[in-house]
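Remarks on the structure that follows.
The values are calculated or read from the model by the stated rules, or taken from the named source; none is laboratory data. Being a predicted model, the structure only gives us computed values, none of them experimental. Because the Cβ atoms are built from the backbone with ideal geometry, glycine has one as well, and the counts that use them run over all protein chains shown.
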There are 2 protein chains.
Amino acid sequence: MDHVAGKPIDPRVTEAMIPYMKSFYGNAGSIHSYGRRPREAIGEARSKVARLVKAERKETITFTSGATESNNMAIKGAANRNAHRGKHLITTRIEHMSVLNPFKYLKTKGFEVTFLPVDKYGTVDIMSLHESLTEKTTLVSVAYANDEIGTIQPIKEISKLVHSKGALLHVNATVANGQVPIDVKEDGIDLLTLSSNDMYGPKGVGALYVRDGVRIEPLIHGGGQEKGLRSGSENVPGIMGFGKAAELANIEMKNENSRLIILRDKLIKDILTSVPYSFLNGHPTKRLPDNVAVRFSFIEGEAILLSLDSMGIAASSGSACTAKTLQPSHVLLATGLKPEEAHGSLLLTMGKQNTEEEATYIIEVIPSIVKRLRAMSPLTPKELRE
Amino acid sequence: MDHVAGKPIDPRVTEAMIPYMKSFYGNAGSIHSYGRRPREAIGEARSKVARLVKAERKETITFTSGATESNNMAIKGAANRNAHRGKHLITTRIEHMSVLNPFKYLKTKGFEVTFLPVDKYGTVDIMSLHESLTEKTTLVSVAYANDEIGTIQPIKEISKLVHSKGALLHVNATVANGQVPIDVKEDGIDLLTLSSNDMYGPKGVGALYVRDGVRIEPLIHGGGQEKGLRSGSENVPGIMGFGKAAELANIEMKNENSRLIILRDKLIKDILTSVPYSFLNGHPTKRLPDNVAVRFSFIEGEAILLSLDSMGIAASSGSACTAKTLQPSHVLLATGLKPEEAHGSLLLTMGKQNTEEEATYIIEVIPSIVKRLRAMSPLTPKELRE
């Protein structure tokens with residue numbers, strides 16, 4: 001149950017990609033007949049992705065190499081393009097590294113960046129946003145939902161505030177897209193990062209929605225593909241796969257989410273009731289359908305992870321992108337947890353192929369794993385060692 | 001015979017990619033067992049790419065989303081990282097848009113850029129390079145070979161000069177890689193752009209070689225993948241395909257090139273002898289094995305292209321990246337051609353699947369196509385209209 005670090009490609013997506021890996025090898029930019037078919041196919045894929053987020057025109061969707069590139073392109077592109085108007089930027093303390101690090105980079109280039117606090121559920125502090133916005137603020141970047149704790153942000157409310165001060169709103173929808181319905185116009189989003197892999201599409205492809213009328217500086221200059229916004233020969237099979245994934249998400253998202261929410265709430269309730277000193281991370285209701293983020297006092301998430309792995313259950317102790325370091329998650333710390341509390345976290349992210357039987361199995365094994373690990377931990381109080 | 005705009009993926013490459021599109025969907029950065037296999041596989045692919053260019057260690061190879069990104073990363077990354085030492089950069093007038101446009105962008109950011117002239121064969125003018133290099137020069141970027149005219153540059157000679165002045169040498173090997181043997185140490189290359197698709201690998205993946213000890217600023221910041229040089233979840237199937245393509249190129253390049261050089265020289269000789277007022281573009285001997293670039297007086301390359309297309313022969317009138325504009329190729333103009341001469345150019349780029357029979361067919365049809373088009377052209381002298 002680890003989907004935060006990579007979802008399997010839907011077999012129907014693979015099928016949609018393979019013909020473009022075999023026969024239609026034209027460059028989408030050239031004029032002879034080998035080149036024509038990919039160009040039309042890219043247009044159709046663009047429409048499918050646009051439809052998923054209710055974009056006004058398919059031309060507002062620019063394909064990229066993935067969500068990390070989209071975030072870099074949106075943040076650096078909007079900041080640099082509007083630097084003459086002001087050099088103040090706002091984001092939050094719980095963003096993904098592919099958002100935080102472009103902002104940290106811009107700080108070294110003379111920009112001022114405010115990192116907003118969040119409450120104990122990981123919800124952005126609207127009052128702080130209100131106080132931070134100035135006439136020099138050109139861009140605010142907030143994720144639609146957080147991958148580590150599942151919390152969904154009040155994007156519409158944030159957007160109204162941001163626009164009232166004349167700034168642009170970038171939303172990283174990486175983990176939310178294909179899971180929850182997004183409507184760029186209703187939500188008031190100017191720039192939206194989309195990830196293919198998070199909706200069972202291939203890796204190596206993503207997109208950036210740029211609202212009509214919004215201007216940003218390109219990140220990658222070259223042959224002028226994607227209306228000059230993102231140069232480079234188009235990754236045709238990847239784009240085909242992304243288009244198919246968006247089409248499937250559009251059709252299947254609603255039913256799949258109802259199913260996942262039932263599984264999610266059962267897992268959370270059963271874990272919290274069967275394990276003493278266990279707690280939920282993130283918001284109890286405003287959370288991603290696939291996200292079960294819990295923590296257990298006195299033990300390490302990493303140890304639970306390895307125990308589960310040996311029993312055939314893949315999970316995560318947080319974001320895959322920080323698994324290499326032993327630092328406690330910056331997201332969990334921002335919600336007010338102490339480092340030792342954060343370290344006891346376990347993240348289960350479910351997907352299409354996860355069943356009720358698997359959830360039942362996890363609920364069966366977790367209490368004994370936690371008990372065994374607590375018996376070995378010097379932090380465990382005596383009464384729990386029995 | 002249009003391989004400049006996109007080569008077909010070798011079926012053996014597709015086979016190497018498909019398992020990673022189906023089963024091994026782990027994120028290469030996470031720690032559980034689903035994640036382990038891709039990480040090892042990426043390491044193997046990196047070794048194969050490193051071996052192709054005789055890189056000192058596999059860790060000098062950073063995977064990107066393609067050659068355009070690699071060029072942007074090398075040029076902006078080296079320029080920005082060394083801006084404290086100097087803000088003068090050098091490239092040539094015949095580079096690909098994914099090189100020229102990053103330099104033009106840097107000009108808007110306070111850098112001074114020299115665009116070196118080339119001779120009538122498209123060879124970089126070494127004297128001009130010598131005169132342009134100053135103590136403020138931090139980077140020189142020259143393509144290994146030109147995709148429109150096939151000319152291969154004297155990289156070793158250029159490198160010695162560049163290094164004698166303490167600057168770095170970036171080489172865009174996009175069309176050359178997998179076609180001609182490259183040895184980064186022997187050639188004296190600091191930064192090398194590699195393209196997967198040009199060696200029958202998938203699009204959407206490329207690499208940048210960064211010599212040990214050379215420091216550049218990342219283009220895409222995030223989760224710290226690729227040793228922090230290029231963040232973003234790895235495109236595992238794409239990387240697997242690139243690795244396989246590099247492995248095959250290493251084995252098959254030598255024989256395939258001997259075959260192509262025979263085809264190339266036959267095509268050039270037969271076209272030039274059978275069509276009056278036809279000329280070779282680029283260098284007669286120091287040229288890519290797959291490249292047949294010719295021009296015909298009095299007619300338009302575009303018209304020849306469409307005639308060939310209707311007879312089942314794919315070709316190009318120049319670079320696919322400028323096919324959308326009607327501007328004459330900047331490369332051909334830089335070799336001293338007048339716009340009307342440049343417009344009559346035809347580019348045939350051959351590949352693995354092109355046979356001697358196809359070459360014979362092309363030689364048969366071209367004279368009559370040219371004759372028919374010349375009969376319709378007001379520029380054609382009377383004696384050729386018969």
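Within segment A:79-92, not a single residue is among the hydrophobic types (A, V, I, L, M, F, W, C) and closer than 30 Å to A:Met350 by Cα. B:Thr380 meets the conditions (1) part of a loop (DSSP other than H, G, I, E, B); (2) surrounded by fewer than 15 Cβ atoms within 10 Å (Cβ to Cβ) in every case but one. The failed one is (2). Select from segment B:163-180 the residues that are more than 14 Å from chain A (Cβ to nearest Cβ) and of a type outside the set (Gly, Ala, Ser) and list them in ascending order. Within segment B:163-180, B:His163, B:Lys165, B:Leu168, B:Leu169, B:His170, B:Val171, B:Asn177, B:Gln179, B:Val180 qualify. For segment B:181-225, which positions are touching a Cys at 6+ places or on another chain (Cβ under 9 Å) and either of a type outside the set (S, T, N, Q) or more than 13 Å from chain A (Cβ to nearest Cβ) (or both)? The answer is B:Gly222, B:Gly223, B:Gly224.
When restricted to residues that are touching a Gly at 6+ places or on another chain (Cβ under 7 Å), part of a loop (DSSP other than H, G, I, E, B) and free of Cβ contacts under 8 Å to residues at least 60 places away in the same chain, segment A:133-151 contains 2. Looking across segment A:344-377, just one residue is among the β-branched types (Val, Ile, Thr), touching a strand residue (DSSP E or B) at 6+ places or on another chain (Cβ under 7 Å) and not in a helix (DSSP H, G or I), and that is A:Thr349.
So, of the residues in segment B:80-94 that are more than 19 Å from A:Ser231 (Cα to Cα) and within 19 Å of the chain's Cα centre (by Cα), which turns out to be surrounded by the fewest Cβ atoms within 10 Å (Cβ to Cβ)? Once the filter is applied, the top-ranked residue is B:Arg93.
The rows are residues; the columns are (1) in the same structural domain as A:Leu161 (by TED's automatic domain parsing); (2) touching a strand residue (DSSP E or B) at 6+ places or on another chain (Cβ under 7 Å); (3) aromatic (Phe, Trp, Tyr).
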site	(1), (2), (3)
A:Ile94	yes, yes, no
A:Met97	yes, no, no
A:Phe103	yes, yes, yes
A:Lys107	yes, yes, no
A:Gly110	yes, no, no
A:Val113	yes, yes, no
A:Asp119	yes, no, no
A:Thr123	yes, yes, no
A:Leu129	yes, yes, no
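When segment A:39-79 is filtered for residues that are surrounded by fewer than 18 Cβ atoms within 10 Å (Cβ to Cβ) and either under 16 Å from the mean Cα position of the chain (by Cα) or over 29 Å from B:Val236 (Cβ atoms) (or both), the ones remaining, listed by number, are A:Lys54, A:Glu56, A:Arg57, A:Glu59. Taking residues in segment A:297-317 that are within 18 Å of A:Glu148 (Cα to Cα) and within 9 Å of chain B (Cβ to nearest Cβ), and partners anywhere that are among the charged types (D, E, K, R) and not in a loop (DSSP other than H, G, I, E, B), the pairs with Cβ atoms closer than 7 Å and at least 6 places apart or on different chains are A:Ser317/A:Glu302. Under the condition of being within 14 Å of chain A (Cβ to nearest Cβ) and over 30 Å from A:Val13 (Cα atoms), the residues counted in segment B:231-281 number 0. Filtering segment B:58-106 to residues that are farther than 25 Å from B:Thr123 by Cβ, among the charged types (D, E, K, R) and without any contact (Cβ under 8 Å) to a residue 40 or more places away in the chain leaves only B:Lys58.
Report whether or not B:Ala143 is in contact with a helix residue (DSSP H, G or I) (Cβ under 8 Å, 6 or more places away or on another chain), crowded, with 24+ Cβ neighbours inside 10 Å and within 14 Å of chain A (Cβ to nearest Cβ). It is true that B:Ala143 is in contact with a helix residue (DSSP H, G or I) (Cβ under 8 Å, 6 or more places away or on another chain), crowded, with 24+ Cβ neighbours inside 10 Å and within 14 Å of chain A (Cβ to nearest Cβ).
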